[in-house]
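Below you'll find the structure, written out as structure tokens, and then a few comments.
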Amino acid sequence: MTFIKWIFGLFVAAVAAYMLFIALNTMIQNKKKPRSFPCTYISGKCTIKPTYENCKHMGGIPLHVCEHRLNK
């Protein structure tokens, strides 16, 4: 009888560990997924906003051009 209890306990522990793995993996995948929002200057969905910090390496281009280049 004790042997059956140990086997059942190991089975329950394995199922719990698998459920924890699935939950953590789902959370990590959701965090990696890029968030999109409506673009300000162009039509469609964007993932990067055309801020000064994001556009300064492109020179003095207009914000709509910078937004287009950042979100190709």
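Angle of helix 2-32 to the longest C-alpha principal axis of the chain, folded into 0 to 90 degrees and rounded to 10: 0°. Annotation: amide H of C46 within the under-5 Å range of F37, C39, sequence separation 5 or more or interchain, hydrogens built in the peptide plane.
Find the eigenvalues of the gyration tensor of the Cα atoms of the chain, then list the square roots of 5 times those eigenvalues as equivalent ellipsoid semi-axes, largest first, in whole angstrom. In descending order, the three semi-axes are 53, 11, 6 Å.
Quick one: among F21, F11, F37, which has the greatest mean-square fluctuation in a GNM of the chain with alpha-carbon springs under 10 angstrom? Highest fluctuation among the options: F11. Sequence-ordered 3J(HN,Hα) estimates for segment 57-72 from the Karplus curve with 6.51, -1.76 and 1.60 and θ = phi - 60° stand at 6, 8, x, x, 7, x, 5, 5, 6, 4, 5, 5, 5, 5, 10, 5 Hz, glycine and proline given as x.
Mean residue ellipticity at 222 nm from the helices of the chain, using -39,500 (n - 2.57) per DSSP H segment of n ≥ 4 over the full residue count, to the nearest 500 deg cm²/dmol?
Computed ellipticity for the chain at 222 nm equals -19500 deg cm²/dmol.
Every number in this text was worked out from the coordinates using simple rules, so none of it is lab data. Owing to the predicted nature of the structure, the values given are computational and were not obtained by experimental measurement.
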